[in-house]
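Data first, discussion second: the structure below is written as structure tokens.
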Amino acid sequence: MLRNGLVRLSISCAALLLCVGLLDTSRDVGAAETDTVCSGSTVCLDQGWTLEQRQWWYSVSQGSRLLPLSWMRALETAEAVGAPGEAPQKFLDPAHIARLGYLANPVSPANPEGLPLGFAVDQDTSRSADIMCDTFPAACDGLVMRQKWVGLNCAACHTSEIELGDRRLRIEGAPAMADFQAFEEEIAAALRLTLADRSRFDRFAREVLGDTMSIEGRQALEAQVSEQLGWQQALLDKNATPLRYGHGRLDAQGHILNKVAMTTGVADQPRTIAADAPASYPFIWNTSQQGKIQWNGIANNIFKIDLFGFETDIGALIRNTSEVVGVFAHIDTRRGKATRGYASSLRLPAMVALERQLSVLQSPRWPEELLGRIDYDRATKGKAVFDRMACASCHQPLAPDDTRSPLKEVMTPLAEAGTDIFLACNTFLHRSKAGNFAGQKIFGVAGDRIADTDFTRTMLVNTAVGAVAGQFDDLLLSLFTDVAPNGRPSASPSLDRRDFLPGVDDPAKKARARVCLTNSDELLAYKARSLNGIWATAPYLHNGSVPTLYDLFLPAGVQLVGPSEADRAEGAAATAGEVGPHRPEVFGVGGRTFDPMKVGFRSDPALSPSVFRVRDPATGAPIPGNYNSGHDYGNAALSDAERHDLVEYLKTL
């Protein structure tokens, strides 16, 4: 029965992919496209992709919908007007987009609109495009949902460039330097000012409506913009935190969980946990070879189905669907059940094709002709130190061109990893009123039933399963089992007198730390994976708290756990920081100038668009979410020469 079902699923999926032309991602490359991707001052490494595959990756829609394309083109930034009579800068102006850390993407057949890299046009002209009409009634009435929209795809957050004088080195799958938090805030501010300033709104309306301008049309447009602003502001309020992510970081899991909480149909949904645990965008080569996905292993690659010779993992579909939900996908969970499928803007054929293309992406090799020759004598010494420290026991060696071997990544419990806990902890503890999800099984036809108030991650899995099932029949549901771990907190040891987060005054944070550091659930861990291409992925640790590889081999000056006040009164000494150099606690981020000696970006705060701080500058207390501790296996005992030897060895991976 299952075999017959899988055959039917394989045929229907592959037929759909063939119809939209997405199974072929290696067509001939025309000369015009060649000139728009890796030419001039931009140098692309050979990572196994053709030029056309790159361009498709930069522009294909996964179903993300931020604003209609005509609105994005007309929208002005919220910055003050310059000279009298001068209009403000357009939001999509290349200089403004560059300030936010997104990359330019020249006009080409794949990107006729000339949108920034990772900004994709999405359009559905059918009735199925009318989604979330309870939230956007004016947009649905005006058929705006059927227009061209702009959203983001994988490439926006997983493409990097390194500056080498007047040249740029493009690296596919590496963490972006985008400031997503500022991007969202500035979109909302621009919409708000467009409605408040009548001269701005007049310019906006004339550009959007053109020859169709009328009193009624302007009024309808104003109502539609008000709806979008209301939704954007609600998302901002839900994710609000005084912690600045800065360039290169995003609390993606917090944003996704809060987005799901807003789709439950519950009007008085409480905000239990802020999106205040930003993480670096992970590097994504070898993703399809891993058993667990995301920094905290929240998604499993569990079961592969064959689509005409290409294996697509069920876990990958759920992972990618969850990400699209978090970056502006339209999805309606209020009127349906996962077993019937949720209406959404999800572009599943494109997501399957993206996963296929990503599965052949190779890790980048250190380009000696651009970044300098590797000192192989030092690298040999560094490998000896690497072996002595047993690093390979967690970081499985892998050749740069190996895109097939299964990886056995190691999940390290939070207390053992020692690094900032809140990405994993917040995701583990985040709860919401379930609303329409209540009573449903987590996987639609399998799993526990979701309680009236439950962990939001259970609703996320249900949302993703339902969105995928909405584009297939219910056959697919039978495969969605164990796609995500579903741990439950156990009671903290009542006699544990340790001081969790020493120096932090926030009692809620300290209480969460106690739960997460004394609980052994599999979700409360971080993933160690192969280090091939690690040289191209700065800043380091999951939360981007260490600027260079050299700095990673220094000890940290903060700690997650120390003796309680009572223990100290009884004579127990607080763990003191090691004597000698420590990891930097203040450094700049967002710049692209590379440091080939320490391996990372040059990080002078005065020359950088964002500044990372481990401690509050006013109080000196460590900032939860920004701890740079952890991954220390005897760093203080390393000599400076050994640190440089290790860095040289890592260049070879």
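Details
- Some residue of segment 369-387 being touching a helix residue (DSSP H, G or I) at 6+ places or on another chain (Cβ under 9 Å), aromatic (Phe, Trp, Tyr) and more than 20 Å from Tyr540 (Cβ to Cβ): yes
- Selection count, segment 389-409, where residues are among the aliphatic types (A, V, I, L, M) and either at pLDDT below 90 or touching a Leu at 6+ places or on another chain (Cβ under 6 Å) (or both): 1
- Residues of segment 500-543 classified as at positive phi and touching a Pro at 6+ places or on another chain (Cβ under 9 Å), total: 3
Each row is one residue, and each column tells you yes or no for (1) modelled with pLDDT under 90; (2) farther than 25 Å from Gln47 by Cβ; (3) acidic (Asp, Glu).
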{"position": "Leu243", "(1), (2), (3)": "no, yes, no"}
{"position": "Gln253", "(1), (2), (3)": "no, yes, no"}
{"position": "Thr287", "(1), (2), (3)": "yes, no, no"}
{"position": "Asn296", "(1), (2), (3)": "yes, yes, no"}
{"position": "Phe310", "(1), (2), (3)": "yes, no, no"}
{"position": "Pro349", "(1), (2), (3)": "yes, no, no"}
{"position": "Ala353", "(1), (2), (3)": "yes, no, no"}
{"position": "Gln357", "(1), (2), (3)": "no, no, no"}
{"position": "Val360", "(1), (2), (3)": "no, no, no"}
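- Long-range neighbours under 6 Å by Cβ, at least six apart or interchain, first residue closer than 15 Å to Met389 by Cα and β-branched (Val, Ile, Thr) within segment 633-653, second modelled with pLDDT under 95 and buried (at least 20 other Cβ atoms within 10 Å of the Cβ): none
- Cβ pairs under 8 Å, 6+ apart, first in segment 357-385 and more than 15 Å from Phe283 (Cβ to Cβ) and surrounded by 14 or more Cβ atoms within 10 Å (Cβ to Cβ), second at pLDDT below 95 and of a type in the set (Lys, Arg): Leu370/Arg167
- Filtered residues of segment 518-541 (kept if assigned to a loop (DSSP other than H, G, I, E, B) and modelled with pLDDT of 95 or more): Leu531, Asn532, Gly533, Thr537, Ala538, Pro539, Leu541
- Of all residues in segment 606-626, those that are of a type in the set (Phe, Trp, Tyr) have Cβ atoms under 8 Å from Cβ atoms of residues that are surrounded by fewer than 18 Cβ atoms within 10 Å (Cβ to Cβ) and outside any loop (DSSP other than H, G, I, E, B), 6 or more apart or on another chain, in Phe612/Val586.
- Just so you know, in segment 334-351 the residues that are in contact with a helix residue (DSSP H, G or I) (Cβ under 6 Å, 6 or more places away or on another chain) and of a type in the set (A, V, I, L, M, F, W, C) include one that is surrounded by the most Cβ atoms within 10 Å (Cβ to Cβ), and it is Ala338.
- Qualifying residue in segment 123-138 (condition: small (Gly, Ala, Ser) and touching an Asp or Glu at 6+ places or on another chain (Cβ under 7 Å)): yes
- Of the residues screened, Ala139 is not one that is in contact with a helix residue (DSSP H, G or I) (Cβ under 7 Å, 6 or more places away or on another chain), more than 22 Å from Arg203 (Cα to Cα) and crowded, with 19+ Cβ neighbours inside 10 Å.
- Test: residue in segment 435-449 that is within 30 Å of Ile623 (Cα to Cα) and either polar (S, T, N, Q) or surrounded by fewer than 19 Cβ atoms within 10 Å (Cβ to Cβ) (or both): no
- All positions within segment 446-504 that are closer than 22 Å to Leu414 by Cα, at pLDDT 60 or above and over 23 Å from the mean Cα position of the chain (by Cα): Arg488, Pro489, Ser490, Asp496, Arg497, Arg498, Asp499, Phe500, Leu501, Pro502, Gly503, Val504
- Selection count where residues are out of contact with any Phe, Trp or Tyr (no Cβ under 8 Å at 6 or more places or on another chain) and closer than 21 Å to Ala74 by Cα, scope segment 102-123: 9
- Strands (runs of 3 or more DSSP E) wholly inside segment 141-219 that include at least 3 residues being touching a Phe, Trp or Tyr at 6+ places or on another chain (Cβ under 7 Å) and touching a residue at least 24 places away in the same chain (Cβ under 8 Å): 149-152, 159-164
- The set of residues from segment 625-651 being of a type in the set (Ser, Thr, Tyr) and within 19 Å of Pro596 (Cβ to Cβ) comprises just one member, Tyr649.
- Members of segment 57-77 found to be in a helix (DSSP H, G or I) and basic (Lys, Arg), listed by number: Arg73
The values are calculated or read from the model by the stated rules, or taken from the named source; none is laboratory data. Source: prediction; values computed, not measured. We place every Cβ from the backbone using ideal geometry, glycine too, and count neighbours over all the protein chains shown.
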